[in-house]
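Notes to accompany the following structure.
Just so it is clear, none of the values below were taken in a lab; they were calculated from the coordinates. Please read these numbers as outputs of a predicted model, since none were measured by experiment. Glycine also receives a Cβ, built like all others from the backbone with ideal geometry; neighbour counts cover every protein chain displayed.
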Amino acid sequence: MSNKKIRVGVIFGGKSGEHEVSIVSALSIIAALDRKKYDVVPIGITKKGQWIAGSKVASILKNQGIKEFPLLEKIITPDPTKGSLVPITSVKPKARLKETALDVIFPVLHGPLGEDGTMQGLLELSGIPYVGAGVLGSAVGMDKIVMKKLFRDENLPIVKFYDFLRTSWKKDPQKITKDVTKRLAFPMFVKPANLGSSVGISKAKHRKELIAAIKEAAKYDRRIIIEETVPNAREIEISVLGNDNPKTSLPGEVVASNEFYDYDAKYIDGKSEIIIPAKLPSKTIRTIQAIALRAFQATDCAGMARVDFLLDQKKNKLYLNEINTIPGFTSISMYPKLWEASGISYVKLLDKLIQLAIERKLDRNKSLTSYRPKKEWHKK
Ligand SMILES: Nc1ncnc2c1ncn2[C@@H]1O[C@H](COP(=O)(O)OP(=O)(O)O)[C@@H](O)[C@H]1O
Ligand SMILES: [Mg+2]
């Protein structure tokens, strides 16, 4: 290995309801990346979806609307021979492109258009290694319906659920209501299939609330999932790190300040508590670790993921709730805190994730991308 520094692009902000959370996570990461090893290039995405770069990115994102930012507009070219972040207005000569090339990208984006495989698709086209799951793992991790179906296929413990299209609901709401109430017992959780931070999610205790909850979820997505409730659930979360041989941390527990872990409880009221490690019998810990690894592999995750569980305290029954491919990453967030408690510091964790991103790209490069047919039939 040469002593050349690794140029890390940190992408954050984004056209998403979780824009603000992303900024806080990214600023922690940018501050912690070891400058002896890395040159850090902050890359911001505004709420309108414009890409900007430069040293002032974070303050521009926080004060959107100021005039200078069109000057800083940047894009990633989907040209793997360049692997660069370039200004929109000019195509730079080759020499300059080398200077702007990035060795690895850390997408610190939550929710749709950042965590759902769309960004990962762009990074894949650009040929730049990136931290975290690829297109498939990201898309699956964002989609509560497909994710649960894959978990079900692996015989992992999940709650009973029912899913349908918004168009079917609009066409025949009575049929959907009848189907749901026939299959699932109240109370139920109603969720848009693709979203995070509890946005659009509500708990329905009876038929009237169910209808209101479906209408609310249908505002956010064209597909909806309804689940049976895990009563008095303890919320247990665990961190996974690695590519083909992932490892798990110790589990932690979230004690939500509201009836469930909704948006306010997650970010606003500051009263939700994190307990690390979670107080659990060692047998339960081992079960959680084993299920988390299987969930990670079933969804083709890579690099990192936080796997969330709901534990029915009365029956002592564990349910796998979801996998998050880009978990919150502030220095006090669950994902890095769990690693810290398991012996990997925040700074070391960033090193590992960057290494894993590069390793994964090298592994992907081993696959053939062309096929030589027996006859050159296409040249006729
Ligand atoms: N089936 C369920 N039973 C009990 N609580 C649930 C259930 N589903 C969700 N919740 C509560 O709602 C919160 C958000 O739901 P979740 O599926 O994790 O969505 P998000 O992706 O927005 O985090 C959970 O952290 C938990 O508090
Ligand atoms: Mg969740």
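Sequence-ordered 3J(HN,Hα) estimates for the stretch 237-249 from the Karplus curve with 6.51, -1.76 and 1.60 and θ = phi - 60° stand at 10, 9, 9, 10, 9, x, 10, 7, 10, x, 10, 10, 8 Hz, glycine and proline given as x. The dipole here belongs to the chain: it is taken about the Cα centre, uses +1 on the Cβ of Lys and Arg and -1 on the Cβ of Asp and Glu, and is about 1060 debye.
Can you sort His206, His19, His110, His378 so the residue with the fewest Cβ neighbours within 10 Å comes first?
If I rank by nearby Cβ atoms, fewest first, I get His378, His206, His19, His110.
Placing +1 on the Cβ of every Lys and Arg and -1 on the Cβ of every Asp and Glu, with no other charges, gives the stretch 160-228 a dipole of roughly 240 debye about its Cα centre.
Shown here for the stretch 157-187: trypsin sites (Lys or Arg not before Pro) in loop regions (DSSP other than H, G, I, E, B) with at most 15 other Cβ atoms within 10 Å, namely Lys160.
Estimated from the Cβ-Cβ distance and a Förster radius of 22 angstrom, the FRET efficiency linking His206 and Phe260 is about 0.85. What the Cβ-Cβ distance of Leu113 and Lys219 gives, at R0 = 25 Å and to the nearest 0.05, is a FRET efficiency of 0.90. Taking 18 Å as the limit for the C-alpha separation, the pairs Lys37/Lys352; Lys160/Lys191; Lys148/Lys175 exceed it in the case of Lys148/Lys175.
Within 10 Å, at most 10 other Cβ atoms, and a DSSP state outside H, G, I, E, B define an exposed site. Report the longest part of the chain free of exposed GluC sites (Glu not before Pro).
So the longest stretch without any such site is 69-258.
For Lys56, a cut-off of 18 angstrom between C-alpha atoms picks up these lysines, skipping any fewer than 8 places away in its own chain: Lys47, Lys48, Lys67, Lys74. Have a look at Pro78, Pro187, Pro281 and tell me which one the Gaussian network model of the chain (Cα, springs below 10 Å) gives the largest fluctuation. Fluctuation is largest for Pro281.
Among Pro80, Pro107, Pro129, the residue with the largest mean-square fluctuation in a Gaussian network model of the chain, with springs joining Cα atoms closer than 10 Å, is Pro80. Shape index of the stretch 160-228: Rg/Rh, with Rg the Cα radius of gyration and Rh the Kirkwood radius from the inverse mean 1/r over Cα pairs, equals 0.91. Only Cα sites of the chain enter the Debye sum here, all with the same form factor; the resulting log10 I(q)/I(0) across q = 0.06, 0.07, 0.14 1/Å is -0.25, -0.34, -1.23, listed in q order.
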